[in-house]
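Reviewing the structure listed below.
FYI, it's all coordinate maths here, none of it is from the lab. Quantities reported herein were computed from a predicted structural model and do not represent experimental measurements. FYI the Cβ positions are ideal-geometry reconstructions off the backbone, even for glycines, and counts take in every protein chain you see.
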């Protein structure tokens with residue numbers, strides 16, 4: 001406890017107070033005294049979180065022992081980046097089930113990292129029940145979301161198995177009952193001297209759940225639309241990170257925002273354009289394969305996922321007439337594109353413009369709680385949250401984008417709801433639908449056929 | 001700022017008035033007053049300093065004061081509380097009489113007031129009045145989330161109206177996108193407003209705002225969804241909670257001996273159990289009374305022709321009297337073979353059981369919250385009762401429970417919503433659904449098997 005309560009401006013603490021990007025950085029050290037002192041006075045009393053020890057694996061250390069420490073740091077980052085990207089390709093190859101598992105693991109790790117920060121901030125390791133309750137709430141919320149997903153996408157499987165059917169019919173009630181149990185346990189666990197801490201941790205847990213768990217479920221929903229809706233957004237954000245870094249490194253002059261002094265306007269704009277181009281190219285490459293483009297469906301006969309379908313219009317090459325400006329430039333009257341490529345421009349624009357705000361938010365958070373990284377899981381990069389902070393806004397955006405501009409409602413879900421209605425309501429809908437289809441001219445031909 | 005930073009409570013009278021339940025909590029207070037005790041010190045050092053006590057100006061209106069001058073202060077307090085309770089209950093009846101639209105407006109007003117009360121506590125706790133932008137941002141987020149929820153409700157229930165008006169149609173189709181864009185604008189404003197010395201405070205207020213939104217706004221929308229199911233689903237749960245509060249208080253007052261929980265020393269087991277039984281009986285009777293009127297039982301439907309709400313329908317099965325055979329045990333005691341009940345009365349037993357058993361936990365949560373932040377009441381809006389939040393703390397869990405209960409056990413999906421979704425699907429999908437529905441209805445005998453239906 002004494003270590004955690006140690007305040008002041010020793011060298012160690014100064015190192016911690018260099019927030020945001022790793023790498024050597026002297027600007028913060030310069031005005032450390034004014035800012036950090038008043039910051040530690042204004043935000044009363046929460047001691048800094050201790051820095052975890054150097055986590056680089058021994059093998060890398062040995063291989064790089066010859067280089068100076070700055071280059072060593074870059075090599076470590078570079079190698080780990082390549083390792084993460086290869087891992088990404090591997091899990092894409094392994095398919096939707098593995099992807100879902102990975103998303104779940106990442107979510108749990110992110111939750112764990114943020115909650116650990118909360119524990120350190122409030123030194124509430126010793127509060128009764130609290131760890132149990134945080135994990136319990138995580139389980140409840142995950143149960144609720146996964147249950148809804150499973151019910152939607154595995155409808156036929158669920159209808160077949162009796163216990164699953166009951167669980168799915170009363171799903172909301174069961175989830176709510178589980179949550180309430182946690183709530184009552186929290187109330188019963190309130191201890192006289194620690195009310196405020198316990199409420200803080202309760203609030204902290206809920207905000208973390210809101211951020212981490214809901215976004216990870218939106219990612220899974222996107223995944224079920226088609227793996228391309230999972231891969232392209234994530235790749236755009238990664239590309240933007242890397243490109244903005246490169247542009248900033250080679251051309252960076254004008255600082256972008258006081259919160260992250262290493263970001264520059266040159267990096268921002270360069271990253272924007274390169275990400276848009278990258279997005280267009282990547283979509284072109286991926287839209288050709290059914291594996292990426294088709295919605296993931298569960299085949300009840302073979303009891304496995306299948307990714308096979310007639311590609312929707314979005315993924316079929318179409319001719320677009322170029323505006324005359326571009327025509328005169330390139331000499332092509334029309335261009336063949338996938339409509340998806342146009343959507344990908346919107347996605348990459350969002351990734352470049354709004355994604356960094358997620359990064360700034362995480363930087364501000366780290367500055368506020370005086371931590372350098374969320375954790376030390378990935379050598380050279382920090383914790384999982386450090387890698388995923390920009391992704392969260394992106395996942396929500398993609399989901400909202402799909403819901404608003406691309407996809408209609410899920411047909412099997414609509415049938416589900418239809419069959420649950422009362423007969424007179426069903427009849428009413430039947431008649432409205434008939435009128436609608438007849439209007440559209442889809443029905444009369446079949447009407448004769450049925451008769 | 002110096003006043004706010006004063007710790008330990010300036011003087012005894014202030015400290016005692018800080019506490020909601022005066023008898024207990026003495027230890028807590030002493031523990032924090034300048035003692036170098038590990039935990040207590042850690043607690044107060046770890047968090048921001050205690051907030052100053054709410055200004056204890058006597059808020060009772062002058063007229064009441066005059067009427068009650070003769071009585072000793074304890075009785076005066078009871079009378080004030082009693083008068084205000086009656087006033088609130090009459091207010092409740094009045095707005096029920098005025099109809100669904102008024103109810104929605106009242107719910108919204110209550111929600112805004114609750115939000116304001118909790119946010120004000122946050123400002124005081126973190127003495128963040130001077131933070132740039134923060135008030136604007138909190139209210140902005142409230143507007144965004146309300147826009148999102150109300151938009152979803154309007155699109156569902158006012159489907160016909162929305163289809164007619166062009167701008168409304170556009171807003172409805174891209175509703176999620178617009179709401180998300182609005183929220184993102186607020187998020188970016190927050191990030192841009194981060195000021196070097198106040199990062200932590202700003203993050204705390206951001207989180208405080210979001211948790212408050214989560215609690216207050218989502219529940220108020222669940223209340224409105226319940227309302228649209230039928231006003232009985234709004235009236236009965238609220239009345240049950242009020243009844244439980246009053247009955248538990250009375251039973252505790254007359255028979256209370258064994259304390260229930262350390263958090264609220266004034267609650268007793270006798271009050272709890274007495275409240276439980278009387279609430280179940282009350283709910284049973286109330287359900288019987290209200291189930292007879294279409295005004296309460298029918299879903300509030302919007303009539304696009306007259307542009308008003310109509311509350312008229314064929315009452316659904318649960319509001320139609322049915323005969324139930326009593327189990328043998330009760331048969332022997334009462335000598336009735338069967339009893340005619342509304343099925344809704346059986347549901348109301350479950351609702352009242354929840355309100356009596358789990359509802360108080362909402363109250364304990366609010367008590368714990370008030371103790372944690374050393375405030376007596378959320379605000380001083382209602383003389384004798386405190387703020388709006390003080391009255392509504394038990395209601396929130398109830399509203400969610402009622403909504404989940406309806407979704408799980410009573411209602412199917414909303415037909416107009418299903419139709420909406422159908423019309424948005426691709427034509428091939430519509431056709432295939434049409435055929436499935438056709439064969440399903442034919443099986444059920446709802447459609448004549450032969451062709452020859454009028455086009």
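Look at the stretch B:240-252: the mean tally of other chain Cβ atoms within 10 Å of its residues' Cβ atoms is 0. A crude spin-label estimate for the pair residue B:147 and residue A:184, with each label 7 Å from Cα along the Cβ direction, gives 4.1 nm. In terms of other Cβ atoms within 10 Å, A:253, A:165 run from fewest to most in the order A:253, A:165.
Once the C-beta distance of residue A:308 and residue A:349 is scaled by a Förster radius of 41 Å, the resulting FRET efficiency is 0.80 to the nearest 0.05. Summary of the geometry: the range B:96-140 and the range B:240-289, compared by the centres of their Cα atoms, lie 30 Å apart. Each residue, residue B:441 and residue A:132, gets one label point 7 Å from its Cα in the Cβ direction; the gap between the two is 5.5 nm.
By the beta-carbon count within 10 Å of each Cβ, the least crowded to most crowded order of B:194, B:105, fewest first, is B:105, B:194. Once the chain from residue A:249 to residue A:318 is taken as fully extended at 0.36 nm per residue, the excess over their C-alpha distance is 20.9 nm.
For the peptides B:232-238, A:282-288, the ranking by mean Cβ contacts within 10 Å, running from highest to lowest, is B:232-238, A:282-288. Taking every residue in A:359-369 and counting other chain Cβ atoms within 10 Å of its Cβ, the average works out to 4. Tell me, what is the FRET efficiency for residue A:337 and residue A:160 to the nearest 0.05, using R0 = 41 angstrom and their Cβ-Cβ distance as r? Efficiency, from the Cβ-Cβ distance: 0.45.
Other protein chain C-beta atoms within 10 Å of residue C-beta, averaged over B:210-218: 2. Ordering B:437, B:250 from the fewest to the most neighbouring beta carbons within 10 Å gives B:250, B:437. Note on residue A:123 and residue B:106: the model spin-label points, each 7 Å out from Cα along the C-beta direction, lie 5.1 nm apart. A Förster radius of 45 Å combined with the Cβ-Cβ distance from residue A:406 to residue B:377 puts the calculated FRET efficiency at roughly 0.35.
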